[in-house]
Amino acid sequence: MRRLVMAALALGLGPASAHDFWTNGEAVPAWVKSACCGPQDVHRLKAGAVHVRADGYHIDGLQTVIPVERVLPSPDGQYWGFWDPAYEPEPIIFYFFAPLEGS
């Protein structure tokens, strides 16, 4: 749970987040929360390290490409990526937030 709270705070989210309940309204079990997006998985990226190309977003040092349709709008105008660094340079990107166009 602490990991989830740290990740939520890093994004400026309030005490209740999307990780508290499944889409059917049932509570997410504590064991699921403890395995999801810990502090080691949160990456605040410098704008110069992120490149938008025809096939999606590229992050310096990673081979994984994030398709444009999987990118979420960043509430704070910064780039944020969530992945397990143990799987670099080809991690599965759990979430990727990018500034809105023109911000």
Residue within region 69-77 that is at negative phi and buried (at least 19 other Cβ atoms within 10 Å of the Cβ) present: no
Residues (at pLDDT below 95 and not in a loop (DSSP other than H, G, I, E, B)) located in region 88-103: 95
Residue count, region 34-87 (criterion: of a type in the set (A, V, I, L, M, F, W, C) and outside any strand (DSSP E or B)): 11
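Every residue in region 58-103 that is aromatic (Phe, Trp, Tyr), touching a residue at least 40 places away in the same chain (Cβ under 8 Å) and touching a Pro at 6+ places or on another chain (Cβ under 8 Å), please.
The first filter runs over region 58-103 and keeps only residues aromatic (Phe, Trp, Tyr), leaving 79-80, 82-83, 87, 94-97.
Still in the running and touching a residue at least 40 places away in the same chain (Cβ under 8 Å): 80, 82-83, 94-95, 97.
Once the filter is applied, which keeps residues that are aromatic (Phe, Trp, Tyr), touching a residue at least 40 places away in the same chain (Cβ under 8 Å) and touching a Pro at 6+ places or on another chain (Cβ under 8 Å), region 58-103 yields 83, 97.
The values are calculated or read from the model by the stated rules, or taken from the named source; none is laboratory data. From a predicted model like this one, the values you see are computed outputs, not experimental measurements. We place every Cβ from the backbone using ideal geometry, glycine too, and count neighbours over all the protein chains shown.
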